[in-house]
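To start, the structure under review is shown below, and the notes come after it.
The values are calculated or read from the model by the stated rules, or taken from the named source; none is laboratory data. Model, not experiment: these values are computed from the prediction. Don't worry about glycine lacking a Cβ; one is built from the backbone with ideal geometry, like all the others, and counts go over all protein chains shown.
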Amino acid sequence: GVAACVENMPDGGAFRPGDIVTGMTGKTAEIISTDAEGRLVLADALAYVARYNPAAVVDLATLTGAVGVALGPHAAGLFANDDALKDALLAAADQSGERLWHLPLYDEYLDTIKSDMAEV
């Protein structure tokens, strides 16, 4: 397994809104929120894992409170781009008594990560 960890140590060298950073894949990202360090580390971890061509990748992260607002404290959110894996995870959750809700990944969401300064 891979554990992507980051320590938030703000100081004079920390990134600021408007900064452009380059991830492991070489893609650039514009910093909009300085509370994005976890997402940047996760993106690099997923890029690293992809080098090994795994059959599946499961990411467990607490990156946003928005899922908690949407689903409340009694269910976990699931984003999936593989229907077979999604169905297996939902079935496992159901069998174990866990509440898991599949959330959409609509193409229109790609518009929300567009940047005039960077690739994302």
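One table, with the values for the structure above:
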quantity	calculated
Verdict on Leu110 being out of contact with any strand residue (DSSP E or B) (no Cβ under 8 Å at 6 or more places or on another chain), assigned to a loop (DSSP other than H, G, I, E, B) and at pLDDT below 90	no
Single residue of the stretch 18-34 satisfying the filter (closer than 16 Å to Asp116 by Cα and loosely packed, with under 10 Cβ neighbours inside 10 Å) that is modelled with the highest pLDDT	Gly18
Selection status of Ala45, at pLDDT 95 or above and surrounded by 10 or more Cβ atoms within 10 Å (Cβ to Cβ)	no
Selection from the stretch 71-120 of residues that are of a type in the set (D, E, K, R) and exposed (fewer than 11 other Cβ atoms within 10 Å of the Cβ)	Asp83, Asp107, Glu108, Asp111, Lys114, Asp116
Identity of the residue in the stretch 80-120, farther than 30 Å from Ile20 by Cα and among the basic types (Lys, Arg), that ends up nearest to the chain's Cα centre (by Cα)	Lys86
Search result, residues across the stretch 59-82 that are free of Cβ contacts under 8 Å to residues at least 12 places away in the same chain and more than 19 Å from Gly38 (Cβ to Cβ)	Gly72, Pro73
Cross-chain or 6+ apart pairs with Cβ under 8 Å, the stretch 101-120 first and closer than 30 Å to Leu89 by Cα, then aliphatic (A, V, I, L, M) and part of a helix (DSSP H, G or I)	Trp101/Leu71; His102/Leu90; Leu103/Val67; Leu103/Ala70; Val120/Ile113
Filter result for Ala56 (exposed (fewer than 12 other Cβ atoms within 10 Å of the Cβ), free of Cβ contacts under 8 Å to residues at least 12 places away in the same chain, under 17 Å from the mean Cα position of the chain (by Cα) and under 24 Å from Val6 (Cα atoms))	no
Test: Pro17 is over 14 Å from the mean Cα position of the chain (by Cα), farther than 18 Å from Val120 by Cα, in a loop (DSSP other than H, G, I, E, B) and not hydroxyl-bearing (Ser, Thr, Tyr)	no
